Amino acid sequence: MKQNLASSVRFILLLFLNIECLKEQSPPGKPEVLKCRSPEMETFTCWWKPGSDSGLPTNYTLLYNKEGKEQIYECPDYRTAGPNSCYFDKKHTNLWTSYNISVKATNEVGSNISNPHYMDVTSIVQPDPPVNLSLQVIQSAGILYLSAKWSPPPLVDVRSGWLILHYELRLKSEEREEWETIFVGQQAHYKVFKLHPGLKYIVQVHCMLDHGKWSEWSSESYIQIPNGQPPGRPELLRCRSPEKETFTCWWKPGSDGGLPTNYTLFYSKEGLQQGFCLKPLFQNALKNSMQCSCSHFGTRILERQGG
């Protein structure tokens with residue numbers, strides 16, 4: 001009799017404790033769909049923000065249906081885009097179609113669902129930033145400028161002509177706060193003039209498709225603008241022919257003036273107009289030299305030009 005009484009008391013006590021624990025637990029908080037983005041009008045990704053988990057393990061499910069259809073589908077890929085996201089590959093992406101997207105949070109006590117998020121792919125296009133931004137200071141015909149080149153984001157197929165990217169470039173010197181933004185158009189290169197010698201510049205580019213938003217800016221690239229001077233006078237050292245069929249001339253560079261400098265060797269033949277040695281023959285000789293065939297024998301004149 002005492003054992004039965006003790007068992008009954010123990011059961012009632014455990015039941016009371018379980019009821020109290022359940023009172024402290026609750027369904028998960030309401031999740032929120034943050035945004036959806038398509039980098040190239042062929043795929044897209046949606047991200048959500050979890051609500052409170054109420055101290056319990058919580059599972060999240062993204063559900064969607066398409067305009068005019070009642071069938072509800074679940075997210076096709078929870079892994080590719082990282083935590084709290086759903087990736088839609090080409091098979092699950094339809095242009096000019098409205099999607100109704102919700103995220104459902106579930107634990108052992110209950111569930112909660114986000115407000116619906118309506119979108120179509122053409123309205124969420126935002127490409128990745130351009131890549132491989134390269135900078136070079138060039139002096140040509142006495143003019144100093146910055147040459148910037150870059151590549152389109154890898155996911156955007158611009159070669160087919162179906163997608164067209166537009167670019168903007170921005171730059172500023174390190175000591176300034178404000179950026180100068182330049183619309184570049186469809187070309188993936190640009191020349192910047194009116195630079196201040198001696199300053200270090202920061203350059204970025206971003207892009208957009210015909211439909212959608214501008215991408216994020218690319219990573220910052222830096223370049224130092226030299227305090228340039230005209231190049232020093234080069235000196236023609238000597239010319240030599242080893243077999244009376246070809247010959248090579250060597251020169252000594254002058255100071256480079258702190259700028260990239262190209263060398264061009266000019267020549268002319270007696271009684272003829274001035275000409276040039278064929279460019280490929282520069283590659284057959286050593287640095288700061290030129291090799292010519294026998295047809296190029298004549299008077300040699302060396303001049304130096306900026307790049």
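The values are calculated or read from the model by the stated rules, or taken from the named source; none is laboratory data. This one's a predicted model, so the numbers in the text were calculated from it and none came from an experiment. Using ideal geometry, Cβ is built from the backbone for each residue, glycine included, and neighbour counts are taken over all protein chains shown. For the accessible areas, the whole protein counts, side chains as well, though only heavy atoms, and no ligand, DNA or RNA atoms are used. Shrake-Rupley method; radii C 1.70, N 1.55, O 1.52, S 1.80 Å.
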Proximal charge balance of Phe183 [Cβ under 15 Å; K/R count +1, D/E count -1]: -1
Lys, Arg +1 and Asp, Glu -1 on Cβ, resulting dipole of the range 179-260 about Cα centre, debye, nearest 20: 400
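Can you pull out the GluC sites (Glu not before Pro) in the range 63-111 whose DSSP state is coil and whose Cβ has at most 15 other Cβ atoms within 10 Å?
Sites meeting the loop and neighbour criteria: Glu67, Glu70, Glu108.
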Protection proxy ranking of 235-245, 120-130 - average other beta-carbon atoms within 10 Å, highest first: 120-130, 235-245
From phi via Karplus (6.51, -1.76, 1.60), per-residue ³J(HN,Hα) for the range 41-55 in Hz, x at Gly/Pro: 6, 10, 9, 7, 10, 10, 10, 9, 10, x, x, 5, 8, 6, x
Highest average packing first - 204-215, 95-106, 183-194, 133-144, Cβ atoms within 10 Å: 204-215, 95-106, 133-144, 183-194
Net lengthening on full extension, His196/Asp77 (0.36 nm per residue, minus Cα-Cα): 37.8 nm
Modelled FRET efficiency - R0 45 Å, Glu174 with Ala141, Cβ distances, 0.05 increments: 0.95
The range 114-171, accessible area per residue, ligands and nucleic acids excluded (1.4 Å, Å²): 48
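Restricting to Cα pairs below 8 Å that are 6+ residues apart, what does the relative contact order work out to for the range 98-154? Please round to a whole percent.
Working: 68 pairs, mean separation 14.9, N = 57.
It comes to 26 percent, rounded to a whole number.
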Gain upon complete extension [Arg238, Leu95; 0.36 nm per residue less C-alpha separation]: 44.5 nm
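Around Ser160, what is the net charge, scoring Lys/Arg as +1 and Asp/Glu as -1 over all other residues with Cβ under 13 Å from its Cβ? Each step should come with its number before you reach the end.
On the way: positive: Arg159; negative: Glu40, Glu42, Asp157.
Net charge in that neighbourhood comes out at -2.
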Separation of the Glu108 and Ser219 label points, Cα + 7 Å toward Cβ, nm: 4.6
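Leaving out ligands, DNA and RNA, and with a 1.4 Å probe, what % of the accessible surface on the range 54-120 is carbon or sulfur? The partial results should precede the final answer.
On the way: 1910 of 4120 Å².
Carbon and sulfur together cover 46 percent of it.
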Summed residue charge, Cβ within 13 Å of Lys91's Cβ, Lys/Arg positive, Asp/Glu negative: -2
